[in-house]
Amino acid sequence: MTTVHQPRPPFPPFNRETAAQKVRMAEDAWNNRDPERVALAYTVDSQWRNRAEFPAGREQIIEFLTRKWQTEREYRLIKELWAFDGNRIAVRFAYEWHNQNSDWFRSYGNENWEFDENGLMHRRYASINDLPIQESERKFHWPQGRRPDDHPGLSDLGL
């Protein structure tokens, strides 16, 4: 993985269109479940809070995501823009996954993002809650990878 500071448009300050674009880009990257690719959207010294973990920098982000996707199987995520201002974006999200015992969950959360001038995320603070669900209660049914454009979003699904 390169540590070169590659710009990632769109750049702040964000408007509704560019903030929504940034949110969809993040959703797409996370749904591909490639830790190194995802990490490139963050500054080399990025600071996270994710549940009770506090990864700092790209290498720790890669380690975190690698562990995450080994545990959270058949991961499918939908993100939705909540608010934006200047170089900050607030997002709400839900994702579905199962553990090694085939117990299904829907995880709900909110993220606060702060970007540098090159469009890289410098801070990511996530609060997440897990709800056990039955497999029959799943709502995210697209093939693994990017959510199709015609698949309903969170608001459309009543989430």
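The values are calculated or read from the model by the stated rules, or taken from the named source; none is laboratory data. Small disclaimer: the values here were computed from a predicted structure and weren't measured. Cβ: placed from backbone, ideal geometry, glycine included. Neighbour counts: every protein chain shown. We work out accessible area using only protein heavy atoms, side chains counted, and drop any ligands, DNA or RNA first. Shrake-Rupley method; radii C 1.70, N 1.55, O 1.52, S 1.80 Å.
A straight line joining the Cα centroids of segment 57-71 and segment 90-108 runs 17 Å. Can you list the aspartates and glutamates whose alpha carbon sits under 16 Å from that of K22, skipping same-chain ones fewer than 8 residues off? K22 reaches E80, D85, E111, E114, D116, E117, D149.
So for segment 1-139, averaging the separation of alpha carbon pairs under 8 Å that are six or more residues apart and normalising by length, what relative contact order in percent results?
Working: 269 pairs, mean separation 35.9, N = 139.
RCO, segment 1-139: 26 percent.
Straight-line cross-link reach from K139 at under 22 Å between alpha-carbon atoms covers these lysines, not counting any fewer than eight positions away in the same chain: K68, K79. The angle separating the long axis of helix 57-71 from the principal Cα axis of greatest extent in the chain is about 10 degrees.
Multiplying the residue separation of R138 and D103 by 0.36 nm and subtracting their alpha-carbon distance yields 11.4 nm. Cα-based values for segment 1-101, radius of gyration first and Dmax second, are 14.0, 44 Å. Once both labels are positioned 7 Å from their Cα atoms along Cα-to-Cβ, the gap between R51 and E117 label points is 3.8 nm.
Restricting to DSSP H runs of at least four residues, report the calculated mean residue ellipticity at 222 nm for the chain, -39500 (n - 2.57) per run over all residues, nearest 500 deg cm²/dmol. Intermediate values should be presented prior to the final figure.
On the way: 3 runs with 37 residues, N = 159.
Using -39500 (n - 2.57) per qualifying helix, the result is -7500 deg cm²/dmol.
Of A90, A52, A41, the residue with the greatest mean-square motion in the GNM of the chain, using alpha carbon springs below 10 Å, is A52. Between W69 and A90, the contour length at 0.36 nm per residue exceeds the Cα-Cα span by 5.2 nm.
When ligands, DNA and RNA are left out and all protein chains stay put, how many square angstrom of accessible area per residue does the chain have with a 1.4 Å probe? Mind dumping the intermediate values first?
Details: 8220 Å² over 159 residues.
Heavy-atom accessible area per residue stands at 52 Å².
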